[in-house]
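Student: Okay, handing you the structure first.
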Amino acid sequence: MKFNTKLIHGGNSEDITTGAVSIPIYRASTFHQKELGKNPKWEYSRTGNPTRNALEKLMGELENGIAGFAFSSGSAAIHAVFSMYSAGDHFVVGSDVYGGTFRLINKVLKRFGLEFTVVDMQDLNAIENAINNKTVAIYFETPTNPLLQIADIEEIAAIAKRHKIKTIVDNTFATPYNQKPLNLGADVVIHSATKYLGGHSDVVAGIAVTSDEQIAKKIAFLQNAIGSTLGPDDSWLLQRGIKTLGARMRVHHENAEAVVNFLSTDKRIARIFYPGLESSQGHKVAAKQMQHFGAMISFELQAGLDTKKFVESLEIIDLAESLGGIESLIEVPAVMTHGSIPRDIRLKNGISDELIRLSVGLEDAEDIITDLKQGLDQLN
Ligand SMILES: *Cc1c(COP(=O)(O)O)cnc(C)c1O
């Protein structure tokens, strides 16, 4: 089965008892056991639920892993994956990561004794130099949130293999439609499924997929032990969203190209961050490892133009956190999604106070561009 067919027919796409083409929502918390102590397939919904299981199987297949796991949020998935490790274990982690991941690492995981070295993932030498004898894994996003930097998954996974450590990739921005990290040598893929996988800004969820038998056992254990699992209603909603991932990503991409073309020619735009631009640092690697460049664009206005007034003046594009939904969403990372990162670290990593992040939605590209234009016109 090819990818777009898998989106619709992969996993347990049908109910085995009735043949219903949409998997039923099994709201039961517990399941009747015919015999005592016989390890039934379904026993308790934290441990396993048929609706969640259908989604997990599907995600495992879409990322070409051996097992998928669904969590109550992307953050919960990241937490569960880091929970495989113990105090004293060291990680090399990308300098540009989602603000909540930065917060989880610095305010939670460090208290439990995990150690981190932050590195620019575009610099392979720096990654290798940061590895020490306690390093257990390299953790990064590509494209990154919000600077759209590109890390070379294949090269980084090769470094990790040489040092007998693991590679963990947050694939939220690309989705398996655009990029399959496990095919490139990564061991674990993480998603905030709240974004493109769900795709409709109506569910908060997280996914982890692995190609490694040992890791699959550990995550299955931790998912049940920690208990941050995705409920059956949200599991169903997420699987419903995933069915149209291919169709949505094609239009997201088409619209993003049109928006980038507009921004590139408007004199009021100072800088654009988009891996599809040939002039961008990550273009070559992105072209190698991604099918398309996605629909996340960051940019800065010319000095002196009022960023706040611009984002507030938009009429179709929503000023809101999150991304990857059908509606175009715009935000200012310094104030919103990355506000939990101290200003000095944020600036050092390249996230200016004026940086704007745009998630290009599925509206008519012309309307998105007209809205951006009228917002910019109000600044003169
Ligand atoms: C949103 C996001 C997360 C966190 O996911 P939640 O579902 O909001 O908990 C993690 N990584 C990236 C890249 C994100 O954009």
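Student: Checking the conditions here, which among His338, His253 is closer than 22 Å to Thr175 by Cβ and open to solvent by 10 Å² or more (accessible area, probe 1.4 Å)?
Tutor: Exactly one of His338, His253 is closer than 22 Å to Thr175 by Cβ and open to solvent by 10 Å² or more (accessible area, probe 1.4 Å), namely His253.
Student: Another question, if that's okay. I need a count of the residues in the stretch 173-186 that are within 15 Å of the chain's Cα centre (by Cα) and more than 16 Å from the ligand (Cβ to nearest atom).
Tutor: 2
Student: Which residues, taken from the stretch 55-67, are open to solvent by 10 Å² or more (accessible area, probe 1.4 Å) and either out of contact with any Phe, Trp or Tyr (no Cβ under 8 Å at 6 or more places or on another chain) or β-branched (Val, Ile, Thr) (or both)? Walk me through how you get there before you give the answer.
Tutor: Step one: of the stretch 55-67, the residues open to solvent by 10 Å² or more (accessible area, probe 1.4 Å) are 56-57, 61, 64-67.
Of everything in the stretch 55-67, those that are open to solvent by 10 Å² or more (accessible area, probe 1.4 Å) and either out of contact with any Phe, Trp or Tyr (no Cβ under 8 Å at 6 or more places or on another chain) or β-branched (Val, Ile, Thr) (or both) turn out to be Lys57, Glu61, Asn64, Gly65, Ile66, Ala67.
Student: From the list Thr337, Thr307, which residue is in contact with an Asp or Glu (Cβ under 9 Å, 6 or more places away or on another chain), farther than 14 Å from Leu263 by Cβ and at pLDDT below 95? Step through it out loud before you land on a result.
Tutor: Numbers: Thr307 fails: at pLDDT below 95.
Matching residue, one of Thr337, Thr307: Thr337.
Student: On to the next question. Select, from Glu321, Glu354, Glu315, Glu366, the only residue that is within 17 Å of the chain's Cα centre (by Cα) and in the same structural domain as Glu257 (by TED's automatic domain parsing).
Tutor: Values: Glu354 fails: within 17 Å of the chain's Cα centre (by Cα); Glu315 fails: within 17 Å of the chain's Cα centre (by Cα); Glu366 fails: within 17 Å of the chain's Cα centre (by Cα).
Selected residue: Glu321, the only one of Glu321, Glu354, Glu315, Glu366 that is within 17 Å of the chain's Cα centre (by Cα) and in the same structural domain as Glu257 (by TED's automatic domain parsing).
Student: Please pick out the residue among Ile105, Ile127, Ile66 that is more than 16 Å from the ligand (Cβ to nearest atom), modelled with pLDDT of 95 or more and farther than 26 Å from Leu237 by Cα. It would help to see each step written out before you state the result.
Tutor: Numbers: Ile105 fails: more than 16 Å from the ligand (Cβ to nearest atom); Ile66 fails: farther than 26 Å from Leu237 by Cα.
Answer to the check: Ile127.
Here's the yes/no breakdown for (1) outside any loop (DSSP other than H, G, I, E, B); (2) of a type in the set (Phe, Trp, Tyr); (3) within 16 Å of Arg103 (Cα to Cα):
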{"residue": "Ile316", "(1), (2), (3)": "no, no, no"}
{"residue": "Ile330", "(1), (2), (3)": "yes, no, no"}
{"residue": "Ile345", "(1), (2), (3)": "yes, no, yes"}
{"residue": "Leu358", "(1), (2), (3)": "yes, no, no"}
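Student: May I pose another question? Give Gln302, Gln289, Gln214, Gln239 a once-over and let me know the one that is open to solvent by 40 Å² or more (accessible area, probe 1.4 Å), farther than 21 Å from Val332 by Cβ and either modelled with pLDDT of 95 or more or not polar (S, T, N, Q) (or both).
Tutor: On the way: Gln302 fails: farther than 21 Å from Val332 by Cβ; Gln289 fails: open to solvent by 40 Å² or more (accessible area, probe 1.4 Å); Gln239 fails: open to solvent by 40 Å² or more (accessible area, probe 1.4 Å).
Residue meeting the stated conditions: Gln214.
Student: For the stretch 73-94, how many residues are open to solvent by less than 30 Å² (accessible area, probe 1.4 Å) and within 16 Å of the ligand (Cβ to nearest atom)?
Tutor: Summing the residues that are open to solvent by less than 30 Å² (accessible area, probe 1.4 Å) and within 16 Å of the ligand (Cβ to nearest atom) in the stretch 73-94 gives 11.
Student: Could you say which residue among Thr144, Thr101, Thr175 is on the phi > 0 side of the Ramachandran plot and buried (at least 21 other Cβ atoms within 10 Å of the Cβ)? Spell out how you get there, then give the answer.
Tutor: Details: Thr144 fails: on the phi > 0 side of the Ramachandran plot; Thr101 fails: on the phi > 0 side of the Ramachandran plot.
From the options Thr144, Thr101, Thr175, the qualifying one is Thr175.
Student: Do we find that Ile297 is under 17 Å from the mean Cα position of the chain (by Cα) and not in a loop (DSSP other than H, G, I, E, B) in this structure?
Tutor: Numbers: under 17 Å from the mean Cα position of the chain (by Cα): yes; not in a loop (DSSP other than H, G, I, E, B): yes.
When the stated conditions are applied, Ile297 passes them.
Student: Can you pull out every residue in the stretch 295-322 that is within 16 Å of the ligand (Cβ to nearest atom) and at positive phi?
Tutor: Result: Ser322, single match.
Student: I've got another one for you. Hey, among the residues in the stretch 149-172 that are in a loop (DSSP other than H, G, I, E, B) and more than 11 Å from the ligand (Cβ to nearest atom), which one's most open to solvent (accessible area, probe 1.4 Å)? Walk me through it before giving the result.
Tutor: First, pick out the residues of the stretch 149-172 that are in a loop (DSSP other than H, G, I, E, B): 149-152, 163-165, 171-172.
Narrowing the set further to residues that are more than 11 Å from the ligand (Cβ to nearest atom) leaves 149-152, 163-165.
On the way: Gln149: 40, Ile150: 10, Ala151: 1, Asp152: 20, His163: 74, Lys164: 178, Ile165: 13 Å².
Restricting to residues being in a loop (DSSP other than H, G, I, E, B) and more than 11 Å from the ligand (Cβ to nearest atom), the top hit is Lys164.
Student: Right, next: Check Ile8, Ile16, Ile105, Ile78 and return the single one that is in a helix (DSSP H, G or I) and free of Cβ contacts under 8 Å to residues at least 40 places away in the same chain. Reasoning before the result, please.
Tutor: On the way: Ile8 fails: free of Cβ contacts under 8 Å to residues at least 40 places away in the same chain; Ile16 fails: in a helix (DSSP H, G or I); Ile78 fails: free of Cβ contacts under 8 Å to residues at least 40 places away in the same chain.
Going through Ile8, Ile16, Ile105, Ile78 in turn, the sole match is Ile105.
Student: Sort out which residues of the stretch 217-230 are touching a residue at least 40 places away in the same chain (Cβ under 8 Å), of a type outside the set (A, V, I, L, M) and surrounded by fewer than 20 Cβ atoms within 10 Å (Cβ to Cβ), and write them in order of number.
Tutor: If the condition is that a residue be touching a residue at least 40 places away in the same chain (Cβ under 8 Å), of a type outside the set (A, V, I, L, M) and surrounded by fewer than 20 Cβ atoms within 10 Å (Cβ to Cβ), then Lys218, Asn224, Gly227, Ser228 are the ones that fit.
Student: So, in the stretch 37-67, exactly how many residues are in a loop (DSSP other than H, G, I, E, B) and of a type in the set (A, V, I, L, M, F, W, C)? I'd like the intermediate steps shown before the answer.
Tutor: Applying the first criterion (in a loop (DSSP other than H, G, I, E, B)) to the stretch 37-67 yields 37-43, 45-49, 63-66.
From the residues that got through so far, the ones that are of a type in the set (A, V, I, L, M, F, W, C) too are 42, 66.
Final tally of qualifying residues: 2.
Student: Does Asn132 satisfy the condition of being open to solvent by 10 Å² or more (accessible area, probe 1.4 Å), assigned to a helix (DSSP H, G or I), more than 14 Å from the ligand (Cβ to nearest atom) and of a type outside the set (Asp, Glu)? Break it down stepwise before answering.
Tutor: Details: open to solvent by 10 Å² or more (accessible area, probe 1.4 Å): yes; assigned to a helix (DSSP H, G or I): no; more than 14 Å from the ligand (Cβ to nearest atom): yes; of a type outside the set (Asp, Glu): yes.
In short, no.
Student: Being in contact with a His (Cβ under 8 Å, 6 or more places away or on another chain), of a type outside the set (D, E, K, R) and more than 9 Å from the ligand (Cβ to nearest atom), is that true of even one residue in the stretch 187-202? If you could, list the steps in order and put the result at the bottom.
Tutor: Looking only at the stretch 187-202, we keep the residues that are in contact with a His (Cβ under 8 Å, 6 or more places away or on another chain), and these are 196-197.
Pick out the ones that are also of a type outside the set (D, E, K, R) and you get 196-197.
From the residues that got through so far, the ones that are more than 9 Å from the ligand (Cβ to nearest atom) too are 196-197.
So far as the stretch 187-202 goes, yes, one or more of its residues are in contact with a His (Cβ under 8 Å, 6 or more places away or on another chain), of a type outside the set (D, E, K, R) and more than 9 Å from the ligand (Cβ to nearest atom).
The values are calculated or read from the model by the stated rules, or taken from the named source; none is laboratory data. Every value quoted in this text rests on a predicted model; they were computed, and no experiment measured them. Every residue, glycine among them, receives a Cβ derived from its backbone with ideal geometry; neighbour counts consider all protein chains shown. Remember, those area values only see protein heavy atoms, side chains included, never the ligands or the DNA or RNA. Shrake-Rupley method; radii C 1.70, N 1.55, O 1.52, S 1.80 Å.
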